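Accompanying notes for the structure given below.
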Amino acid sequence: MGADPEAHIVVDGLTMKYGDFLIQRDLSFSIRRGDIFIIMGGSGCGKSTLLKHLIGLNRPFAGRVLYGRQSFWDASLGEREALLRGMGILYQKGALWTSMTLAENVSMPIRQYTKRSEAEIRDIAEYKLALVGLAGFEEYYPSEISGGMQKRAGLARAMALDPEVLFFDEPSAGLDPVSSKLLDDLILELNESLGATIVVVTHELPSIFAIGKNSVFLDADTKTMIAFGPPKELLESSTDPKVIEFLTRGVGRNGAA
Amino acid sequence: MRILVQTTCLANGELSALIAADAVAAQPGAIESEAAARLVAAGPLASSVELDLSGVSEWDSASISWVFRVQRAIQAAGRSCRIGGLPNDAAGLLELAGSVPERKGARRSEVSVPLLEGIGQQAVQLWSDLLEWCDFVGELLVSLSRALRGKARIPVRDIWVTMEECGPSALPIVTLISVLVGVILGFIGAQQLRQFGAEIYVANLVGIAMCREMGGIMAGIIMAGRTGAAFAAQLGTMQVNEEIDALKTFGFSPMEYLVVPRVMALIVMMPLLAVYADVLGMLGGALISSFALDISLLRYFEQLTSAVFLKDVALGVAKSCVFGILIAVSGCLYGMRCGRSASAVGIAVTSAVVAGIVAIVVSDAVFAVMCEVLKI
């Protein structure tokens, strides 16, 4: 799979464990540059754990995660930092730094990695917040805004360094259907306008079909991936009963039609 | 109530048992009828058991759960179980409860650990805790040296904020405790010294005790309860909110960004607080001397200056620096390795305070031995 010239992220024989507890084994797939890639599966199957392996928070038990041709865990500390710099991550609950205002949250990575002046940093932070619909909230603390706004602010922070790849951990969890749809639209727009590769962990069917260009399905029982491909194609042509059950909300293909 | 156990001989020679009950769940006799059902089911005679519940007039969750329990007990004994006289909705609920078989290995049972194994596990745990401490301290030292050489980005504002939180804000409580400790020491000492007519040596007692031991220890214990707990709670909450993950993935080292400022702040503030506690403790001694022992303030301070030397104060200050490091490290360590739930934060804070106080006392004992050997 490493041969695919378009591959941005390649997962090669990845096995994940917590201590002695096996989460998933033998995962191999690649994510194309500029795709919106969905990691899906039932609750507790290890979707978020896989994400943590992709962004270097957890070390694989076996196998590799490659960015381009570079293996994340075999890279030196400096190379790893450079790879991290190219990533933006939106955490499940936003994970904003609660002791800082929204503007400070967004400007912190910029200050860390660029030599821009304070005024420029301030402008960029304001622009990024405006991009996610939070203009005017620069001086608010994360605890003073709603959950949906925290998530959008988290997205603004994730985009602060114009990353090549954006990771979303359950973006619609805890959002009402309308906000969730708006966030999906935002993801599509970012993908088109920035050309960034986007990896989304989710089990929300409407989102999966609305934004997913490619996907992998993790199964909790067999502890490995049981399907790979565009979600709509999987819905039409998958032969695996678990995948069909998941993609049709347990109704089955005939029931849904 | 009524329990009727009736056995019938089937055509194939096996026995069938019929249990009729009209009292289930919370009603009187329920335990007896459940026990009877279990007894019949487990007995060698019956191959099938039938429950007749037509006598039960009121159905609620408690009575359905009773039937569910009895049914499972009978099935677990390998007998088939038929239930008669169940109203439709109750039967539906019972079927729903039994429709998904219990997941194998999901039920957790209390495992009783033999004493020796328990001790062994504790010892292994202690060892791995110790290794974790060493690991953490090593990483901290590397980060501190990077910070001192100006290679690490340390949030200076956080150092000032933390210094303010753990220094000036703690002054009232430190004042109260140190003055009282001085008063208590003076009072107890005076009672004993009076027997020899040597009340004036109260000044020596209070001065030496405060400067060498009590000032640092009292300030340390207050800081462990106040600042150590705060560190553990702050970092633990950040861990729960994924804020620390966010720092890592943005390439900020949590060690440099969160731990180093806190440790630095406490290293600076602890000696200051200890000196402050020394002075106030001696003032407390002065109070008790002049009011209760008729020693004039002037005499007290003359005696004090002849008894307390700079080396005593210096020893106290040096100790308090070490206490500060220990408190900050235990607070940050337990905060950083906090689990991902609200109760985990509570556990982290408790462990941080306990470990901080234990570390203070143990290191103080080490200091005592060292002073004895080095004749300080």
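Assess whether B:Val179 counts as being over 27 Å from the mean Cα position of the chain (by Cα), open to solvent by less than 40 Å² (accessible area, probe 1.4 Å), modelled with pLDDT under 95 and not small (Gly, Ala, Ser). Outline the logic, then answer.
Working: over 27 Å from the mean Cα position of the chain (by Cα): yes; open to solvent by less than 40 Å² (accessible area, probe 1.4 Å): yes; modelled with pLDDT under 95: no; not small (Gly, Ala, Ser): yes.
No, not satisfied.
Out of B:Ser320, B:Ser330, B:Ser351, B:Ser363, which single residue is in contact with a helix residue (DSSP H, G or I) (Cβ under 9 Å, 6 or more places away or on another chain), open to solvent by less than 40 Å² (accessible area, probe 1.4 Å), in contact (Cβ under 8 Å) with a residue 60 or more places away in the chain and under 15 Å from B:Met214 (Cα atoms)?
Details: B:Ser330 fails: under 15 Å from B:Met214 (Cα atoms); B:Ser351 fails: under 15 Å from B:Met214 (Cα atoms); B:Ser363 fails: in contact (Cβ under 8 Å) with a residue 60 or more places away in the chain.
Exactly one residue qualifies, and that residue is B:Ser320.
Scanning segment A:188-236 for residues that are among the hydroxyl-bearing types (Ser, Thr, Tyr) and either surrounded by 15 or more Cβ atoms within 10 Å (Cβ to Cβ) or not assigned by TED's automatic domain parsing to the domain that holds A:Leu50 (or both) yields A:Thr197, A:Thr202, A:Ser207, A:Ser215, A:Thr224.
Look through segment B:73-99, keep the residues that are open to solvent by less than 60 Å² (accessible area, probe 1.4 Å) and in a helix (DSSP H, G or I), and return whichever of them is nearest to B:Trp59 (Cα to Cα). Ranking the qualifying residues of segment B:73-99, first place goes to B:Ala90.
When you look at B:Arg299, is it basic (Lys, Arg), touching a helix residue (DSSP H, G or I) at 6+ places or on another chain (Cβ under 8 Å) and open to solvent by less than 40 Å² (accessible area, probe 1.4 Å), yes or no? Break it down into steps so the answer makes sense when it comes.
Values: basic (Lys, Arg): yes; touching a helix residue (DSSP H, G or I) at 6+ places or on another chain (Cβ under 8 Å): yes; open to solvent by less than 40 Å² (accessible area, probe 1.4 Å): no.
Answer is no for this residue.
For A:Thr248, the conditions (1) in contact (Cβ under 8 Å) with a residue 60 or more places away in the chain; (2) open to solvent by less than 50 Å² (accessible area, probe 1.4 Å) are fulfilled apart from (1).
Against the list (1) over 26 Å from A:Asp219 (Cβ atoms); (2) not assigned by TED's automatic domain parsing to the domain that holds A:Ala130, the condition A:His53 fails is (1). Taking helices (runs of 4 or more DSSP H) as the structural unit, those lying wholly within segment A:30-136 and holding at least 3 residues that are open to solvent by less than 60 Å² (accessible area, probe 1.4 Å) and within 14 Å of another protein chain (Cβ to nearest Cβ) correspond to A:47-54, A:77-85, A:102-113.
Going through segment A:98-152 one residue at a time, which ones are charged (D, E, K, R), touching a residue at least 40 places away in the same chain (Cβ under 8 Å) and farther than 24 Å from B:Leu258 by Cα? If you could, list the steps in order and put the result at the bottom.
Keep residues of segment A:98-152 that are charged (D, E, K, R), which gives A:104, A:111, A:115-116, A:118, A:120, A:122-123, A:126, A:128, A:138-139, A:144, A:151-152.
Remaining after also requiring touching a residue at least 40 places away in the same chain (Cβ under 8 Å): A:151.
Residues satisfying the conditions do not exist here.
Only residues that are among the hydrophobic types (A, V, I, L, M, F, W, C), within 9 Å of the chain's Cα centre (by Cα) and over 16 Å from B:Val259 (Cβ atoms) were counted across segment B:350-368, and they come to 2.
Residues to consider are A:Gly229, A:Gly212; find the one that is modelled with pLDDT of 85 or more, within 30 Å of A:Leu129 (Cβ to Cβ) and not polar (S, T, N, Q).
On the way: A:Gly229 fails: within 30 Å of A:Leu129 (Cβ to Cβ).
One residue alone meets the criteria, A:Gly212.
Residues that are of a type in the set (Gly, Ala, Ser) and within 13 Å of A:Gly174 (Cβ to Cβ) within segment A:145-160 comprise A:Ser146, A:Gly147, A:Gly148, A:Gly154, listed in sequence order. Applying the criterion of being within 20 Å of B:Ser290 (Cα to Cα) and hydroxyl-bearing (Ser, Thr, Tyr) to the residues of segment B:151-191, the residue that is farthest from the other protein chains (Cβ to nearest Cβ) is B:Ser178.
Please specify each residue of segment A:198-249 satisfying the condition of being part of a strand (DSSP E or B), closer than 28 Å to A:Phe21 by Cβ and not acidic (Asp, Glu).
A:Val199, A:Val200, A:Val201, A:Ser215, A:Val216, A:Phe217, A:Leu218, A:Thr224, A:Met225, A:Ile226, A:Ala227, A:Phe228
Of all residues in segment B:229-249 being open to solvent by less than 10 Å² (accessible area, probe 1.4 Å) and facing another protein chain (nearest Cβ under 7 Å), which is nearest to A:Ala156 (Cα to Cα)?
Within segment B:229-249, the subset open to solvent by less than 10 Å² (accessible area, probe 1.4 Å) is B:231-232, B:235-236, B:243-247, B:249.
Restricting the remaining residues to those that are facing another protein chain (nearest Cβ under 7 Å) gives B:243, B:245-246, B:249.
Details: B:Glu243: 15, B:Asp245: 17, B:Ala246: 13, B:Thr249: 15 Å.
Only one residue tops the list, namely B:Ala246.
From the list B:Ala277, B:Ala307, the lone residue that is touching a residue at least 12 places away in the same chain (Cβ under 8 Å), surrounded by fewer than 19 Cβ atoms within 10 Å (Cβ to Cβ) and more than 22 Å from B:Trp133 (Cα to Cα) is B:Ala307. Taken as a whole, the condition of being open to solvent by 40 Å² or more (accessible area, probe 1.4 Å), over 26 Å from B:Ala355 (Cβ atoms) and not aromatic (Phe, Trp, Tyr) applies to B:Leu185.
One line per residue, one yes/no per condition, for (1) at pLDDT below 95; (2) assigned to a helix (DSSP H, G or I); (3) more than 21 Å from B:Phe136 (Cβ to Cβ):
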| site | (1), (2), (3) |
| --- | --- |
| B:Ser343 | yes, yes, yes |
| B:Ile357 | no, yes, no |
| B:Ser363 | no, yes, no |
| B:Ile376 | yes, no, yes |
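Looking only at residues of segment B:250-259 that are among the hydrophobic types (A, V, I, L, M, F, W, C) and at the interface with chain A (Cβ under 9 Å from one of its Cβ atoms), we find that the one that is surrounded by the fewest Cβ atoms within 10 Å (Cβ to Cβ) is B:Phe252. Filtering segment A:137-157 to residues that are closer than 21 Å to B:Lys248 by Cα and either among the polar types (S, T, N, Q) or open to solvent by less than 50 Å² (accessible area, probe 1.4 Å) (or both) leaves A:Pro142, A:Gln150, A:Lys151, A:Ala153, A:Gly154, A:Leu155, A:Ala156, A:Arg157.
The values are calculated or read from the model by the stated rules, or taken from the named source; none is laboratory data. Being a predicted model, the structure only gives us computed values, none of them experimental. A quick note on method: Cβ atoms are made from the backbone with ideal geometry, for glycine too, and the neighbour counts reach across all protein chains shown. Just the protein is used for accessible areas: all its heavy atoms, side chains included, with ligands, DNA and RNA removed. Shrake-Rupley method; radii C 1.70, N 1.55, O 1.52, S 1.80 Å.
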